[in-house]
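The values are calculated or read from the model by the stated rules, or taken from the named source; none is laboratory data. Just so it is clear, the structure is predicted and the values come from calculations on it, not from any experiment. All Cβ positions, even for glycine, are placed from backbone atoms using ideal geometry, and neighbour counts span all protein chains on display.
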Amino acid sequence: MSSMKENLSIVELQNKCIDLKKNAISMIYKAQSGHPGGSLSVAEFVTACYWHAMDVDPQNPRWADRDRFVLSKGHVCPAQYAALAMKGYFPMEVLDTLRKEGSPLQGHPSMTKCPGIDISTGSLGQGLACAAGMALAAKLDNKSYNVFCAVGDGECNEGEIWEACGTAYKYKLDNLVVFVDWNNLQLDGTCEEIMPPISLAKKFEAFGFEVYEINGNDMAEVVDALDKALASKNGLPKCIVGKTVKGKGVSFMENQCGWHGVAPNDEQYRQAMEELDAQYVK
Amino acid sequence: MSLGKKIPTRDGFGDEIVALGKENKNILVVDADIGKSCKTGAFRKELPEQYLNVGIAEQNCAGVAAGLATCGKIPFVVTYAAFGSMRMCEMIRQEIAYPHLNVKIACSHGGVTPANDGASHQAIEDMGILRTIPNMTVIMPADYWSARKLVRAAAEYDGPVYLRFTRDAIPEIYGEDVEFEIGKAYQLRDGKDVAIVANGDTVRLAIEAAETLAAQGIEARVLDMHTVKPIDTDAVVAAVQDCQQIITVEDHNIINGLGSAVACVAAEMGKGRVWRLGIQDQFGQSAPYERLLEVNGVTVGNIVDVAHKLTKK
């Protein structure tokens, strides 16, 4: 099967990302439940993966040679659900069923319920090990697919993240790209308050990763880092530490711990849509 | 029937996994640095391309296996029962059982069989823990040969399976030609006075007890309930209907293991009586294996005594 990759300009990707953010916030608003802050901070990475870096076929979600996406910070699934619907994995109307009984769009991603989800996540710290397993399978089978994994900064409190790094280094998983969504806010407070991260970039480097430190909400920087990571076939796993803003794009949600897991009301939703609409690049 | 030479069931796993790996290159061993002790040495030597070792990192081990399984691999995660059931527990639940992935958790050192190692290594809670996780199948073979057959059956089944083996040597019960089906109890002896339902390393005790009882005029049915989940409901129902009195024997806490599974079936029938023999909800210690069973009342003599008590007219 030939490549299904899309070739969008940075401006087109930026606008796609605004669509994605609006869909994510709309889902959470309609469900009156979900996690807007992290969905917005990781949105540029999700957009750049699905519309730039990843080779996937929405008509054939289980295509054996596809690139994989693991949302280790599973609670921000509205961002991934929006991407999947926009790519055509399922109809856009399905987004309105988020967190409703019988919906494929569970509160945290389920691979058996939702097409396009490569592994079920939700319990923090576990996705990177699964992503490493997928990347390892590619190596064992001499396949060329890549695995992209989004982890949260808070999630790096979990020991299993660092166990997985060991596997990624040992088995030379240069087909694994980890994105750390460093928005500096956890559920209970800032990263420094809850568990000082010291330096996530230095930690991943010490664990044998090739590390790229970027502004994770700058589409051009995200695309550039992904391109470099995919081009570097030196046996080292890749880590993009993206400095991001939790709630990025909606002024009253930005850098607010309180918007971790709360849905907007009518007035807040209207304002969020207005603000995001104003950000389209002409 | 006579019991054969003593050999740990972990050896049955170690031998069968090599045969399976040679037949199917998608079968992998994922070790967590106790492979030698769990008998994956031959696999590692003969099938290095299918052998992985992720270090002393059990949580990651389960997650890596899940990722491999999503790509068509059939990973056997290999560790001790205490760690496979408890250190890996949530990863098994979230990443293996919930998505119903084709991962096998193959654990040596089940029950009190790592006797000298003490309580930290003795797994008396594991099958109960795994049994409560949806989508899981839980198996403990009774000897070397049934271990080989059930490892093969687990490999052929598409879904998550927890397999539990003994560290210490236990006698052969079956021959090479006996067949086993997941979820189907193996009846070793028929009888109508009392049914002794055992699994793993206690099946040998049930057989000996039944022979003693027969000499005393009590005919015991003996069931090897190798699959704790799904429990063979038909076999339990038949045992209750035919014998009324049931004794369960297990190298596991009497809470939530084989005895509990059997008792639930009987309770819903509203018939019969179930007497559970097993580890008496207490931690073990470093001691000889047979002694650890003895202090918990898991002996031929105690099975015989209980059978007399239950069948007394």
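Before moving on, here are some points about what is shown:
- Scanning region A:117-142 for residues that are surrounded by fewer than 24 Cβ atoms within 10 Å (Cβ to Cβ) and either under 21 Å from A:Gly154 (Cβ atoms) or under 15 Å from the mean Cα position of the chain (by Cα) (or both) gives A:Gly122, A:Ser123, A:Leu124.
- Taking the criterion of being in contact with a Phe, Trp or Tyr (Cβ under 9 Å, 6 or more places away or on another chain) and assigned to a loop (DSSP other than H, G, I, E, B), the residues of region A:34-59 that qualify are A:His35, A:Val42, A:Met54, A:Asp55, A:Val56, A:Asp57, A:Pro58, A:Gln59.
- Any hit, region B:224-240, residues being surrounded by fewer than 21 Cβ atoms within 10 Å (Cβ to Cβ), at positive phi and not in a strand (DSSP E or B): no
- Any hit, region A:104-113, residues being more than 19 Å from A:Phe69 (Cα to Cα) and within 13 Å of chain B (Cβ to nearest Cβ): no
- Some residue of region A:126-133 being closer than 20 Å to B:Arg93 by Cβ and more than 9 Å from chain B (Cβ to nearest Cβ): no
- Flag if B:Gln244 is closer than 20 Å to B:Lys309 by Cα, in contact with a strand residue (DSSP E or B) (Cβ under 8 Å, 6 or more places away or on another chain) and surrounded by fewer than 21 Cβ atoms within 10 Å (Cβ to Cβ): yes
- Of all residues making up region A:69-127, the number that are basic (Lys, Arg) and farther than 19 Å from A:Phe45 by Cα: 3
- Some residue of region B:258-272 being assigned to a strand (DSSP E or B), over 20 Å from B:Tyr144 (Cβ atoms) and not assigned by TED's automatic domain parsing to the domain that holds B:Val161: no
- Within region B:287-296, the set of residues being surrounded by 14 or more Cβ atoms within 10 Å (Cβ to Cβ) and either among the polar types (S, T, N, Q) or more than 19 Å from the chain's Cα centre (by Cα) (or both) comprises B:Ala287, B:Glu294, B:Val295, B:Asn296.
- Within region B:13-51, the residues that satisfy the criterion of being within 30 Å of A:Ile117 (Cα to Cα) and in contact with a helix residue (DSSP H, G or I) (Cβ under 7 Å, 6 or more places away or on another chain) are B:Gly21, B:Lys25, B:Ile27, B:Leu28, B:Val29, B:Val30, B:Ala32, B:Gln50, B:Tyr51.
- Residue that is surrounded by the fewest Cβ atoms within 10 Å (Cβ to Cβ) [pool: residues in region B:69-93 that are more than 17 Å from B:Val29 (Cα to Cα) and facing another protein chain (nearest Cβ under 10 Å)]: B:Glu90
- The set of residues in region B:23-68 being aromatic (Phe, Trp, Tyr) and either more than 13 Å from chain A (Cβ to nearest Cβ) or more than 19 Å from A:Gly166 (Cα to Cα) (or both) consists of B:Phe43 alone.
- If you go through region A:143-162 and pick out every residue that is touching a residue at least 60 places away in the same chain (Cβ under 8 Å), within 10 Å of another protein chain (Cβ to nearest Cβ) and surrounded by fewer than 24 Cβ atoms within 10 Å (Cβ to Cβ), you end up with 2.
- Under the condition of being small (Gly, Ala, Ser) and in contact with a His (Cβ under 8 Å, 6 or more places away or on another chain), the residues counted in region A:13-33 number 0.
- Leading residue by the ranking (nearest to the chain's Cα centre (by Cα)) among those in region B:119-129 that are farther than 17 Å from B:Ala142 by Cα and outside any loop (DSSP other than H, G, I, E, B): B:Gly128
- Test: residue in region A:87-106 that is in a helix (DSSP H, G or I), of a type in the set (Lys, Arg) and either in contact with a strand residue (DSSP E or B) (Cβ under 8 Å, 6 or more places away or on another chain) or closer than 30 Å to B:Pro48 by Cβ (or both): no
- Cβ pairs under 7 Å, 6+ apart, first in region A:184-206 and within 17 Å of A:Trp259 (Cβ to Cβ), second at pLDDT 95 or above and among the aliphatic types (A, V, I, L, M): A:Gln186/A:Ile194; A:Asp188/A:Ile194
- Region A:61-82 - residue that is among the aliphatic types (A, V, I, L, M) and more than 10 Å from the chain's Cα centre (by Cα) and, of those, nearest to the other protein chains (Cβ to nearest Cβ): A:Ala64
- Number of the condition not met by B:Gly118 [criteria: (1) surrounded by 24 or more Cβ atoms within 10 Å (Cβ to Cβ); (2) in contact (Cβ under 8 Å) with a residue 60 or more places away in the chain]: (1)
- Any hit, region B:19-28, residues being touching an Asp or Glu at 6+ places or on another chain (Cβ under 8 Å), of a type in the set (S, T, N, Q) and modelled with pLDDT of 95 or more: no
- Taking the criterion of being hydrophobic (A, V, I, L, M, F, W, C) and either within 21 Å of B:His100 (Cα to Cα) or free of Cβ contacts under 8 Å to residues at least 12 places away in the same chain (or both), the residues of region A:95-115 that qualify are A:Leu105, A:Met111, A:Cys114.
- Restricting the search to strands (runs of 3 or more DSSP E) fully inside region B:32-118 and requiring at least 2 residues that are of a type in the set (Ser, Thr, Tyr) gives B:74-80.
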